Amino acid sequence: MPKRYIVADVHGMCGGVFAALDKLEKMLLRHPGETVFVLHELVHNTAVTGDFEKRKVRFVDSISEIPAGAPVVIGAHGVSGKTERAIREIAGDVMDATCPLVRKLHQESSRLTPDEQLVIFGKKDHPEVIGVYDNSGAGSNFVVYSPEDIALLPPLDSPVFISQTTVDSARCDEIRELLYRRFPTLRCVAGVCDASKLRQASVLQLVSQCQTIIVAGSAHSSNACRLKELAEMHGIPAYLVNGAEDIPESELAGINCIGITSGASTPEYVLEKIISRLQKIGFSS
């Protein structure tokens, strides 16, 4: 039987990531020869970070690492209003590459009033969730990720629901339904973004045709991890790889059909190298 691979219909970088890359490129052009600083990462992908580090871009974990007057780009996941103000006080030039959808979450949370309670579905340590939490105007804020977290919530009179944009869409629906059951007055203002939904839907198409799935993306990329988890939830082994060198070739020995996709922060050239490697070991389109 011939060995083959199928590439997901929807995969790879989303519009927000392309826009963030474009802004960092423009900042480099505006400041030739200078080091451009990015707080944390531009996007969650080690290949992207590595490529820019070779071009005088420095990724830092703290504002204290940014010299006065330096050019700074705010990454796609955004920062809190307090952090943005601190950056603008230090930097000589600032370009905001926050994804428009993430910016919308910040704006929605900032519009909440002290008599409302914000419930965020997502990972507590994800920068997107941190930004929404820190920008909130609600009287109280909670982060949930499981039914157990919902059970621990206190009584809420005016709860408002906002979801991290890159979580699993089906799980988001489940959590939202559980919240509605406990808090019938729940108001939902934002959920999973369309880019994440489309990539997740494409993985579901692959699991019905393939014996295993390869996801090109970094381990700290929320959306890439969700693609891997989604395949596994449907009983299909899945591997998250940074690049072609991470392909588990020994695990593919008895596989006749592989599904391939990539996260919303993963460059297309990474996927192309993975395909090239699979072709060398006997797989064809």
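The values are calculated or read from the model by the stated rules, or taken from the named source; none is laboratory data. Please read these numbers as outputs of a predicted model, since none were measured by experiment. Positions of Cβ are backbone-derived with ideal geometry, glycine not excepted, and every protein chain shown enters the neighbour counts. For accessibility, only protein heavy atoms count, side chains too; no ligands or nucleic acids. Shrake-Rupley method; radii C 1.70, N 1.55, O 1.52, S 1.80 Å.
Which pairs do you get when a residue that is within 22 Å of Cys14 (Cα to Cα), found in segment 222-240, comes within reach of a residue that is open to solvent by 70 Å² or more (accessible area, probe 1.4 Å), reach meaning Cβ atoms under 6 angstrom, with the pair 6+ apart or on two chains?
Ala238/Glu232
What number of residues in segment 116-129 are under 19 Å from the mean Cα position of the chain (by Cα), open to solvent by 10 Å² or more (accessible area, probe 1.4 Å) and over 20 Å from Val72 (Cα atoms)?
Within segment 116-129, residues that are under 19 Å from the mean Cα position of the chain (by Cα), open to solvent by 10 Å² or more (accessible area, probe 1.4 Å) and over 20 Å from Val72 (Cα atoms) number 4.
In the set Val215, Val192, Val160, Val167, which member is closer than 20 Å to Gly78 by Cβ and in a strand (DSSP E or B)?
Numbers: Val215 fails: closer than 20 Å to Gly78 by Cβ; Val192 fails: in a strand (DSSP E or B); Val167 fails: in a strand (DSSP E or B).
On inspection, the qualifying residue turns out to be Val160.
Exactly one of these conditions fails for Arg226: (1) modelled with pLDDT of 95 or more; (2) closer than 23 Å to Asp194 by Cβ. Give me its number.
In the conditions (1) modelled with pLDDT of 95 or more; (2) closer than 23 Å to Asp194 by Cβ, Arg226 misses (1) alone.
Return a yes/no flag: does segment 195-203 have any residue that is open to solvent by less than 80 Å² (accessible area, probe 1.4 Å), more than 18 Å from the chain's Cα centre (by Cα) and either hydrophobic (A, V, I, L, M, F, W, C) or closer than 19 Å to Val43 by Cα (or both). I'd like the intermediate steps shown before the answer.
If we filter segment 195-203 for residues that are open to solvent by less than 80 Å² (accessible area, probe 1.4 Å), which is where we start, we get 195-196, 199-203.
Next, only the ones that are more than 18 Å from the chain's Cα centre (by Cα) stay: none.
No, segment 195-203 has no match at all.
So which of Phe183, Phe161, Phe121, Phe142 ends up being of a type in the set (A, V, I, L, M, F, W, C), touching a Pro at 6+ places or on another chain (Cβ under 6 Å) and either under 30 Å from Glu245 (Cβ atoms) or at pLDDT 95 or above (or both)?
Of Phe183, Phe161, Phe121, Phe142, the one residue that is of a type in the set (A, V, I, L, M, F, W, C), touching a Pro at 6+ places or on another chain (Cβ under 6 Å) and either under 30 Å from Glu245 (Cβ atoms) or at pLDDT 95 or above (or both) is Phe183.
If I ask for residues that are closer than 15 Å to Ile162 by Cα, assigned to a loop (DSSP other than H, G, I, E, B) and open to solvent by less than 30 Å² (accessible area, probe 1.4 Å), which ones from segment 94-115 would you list?
Within segment 94-115, just Leu112 meets the criteria.
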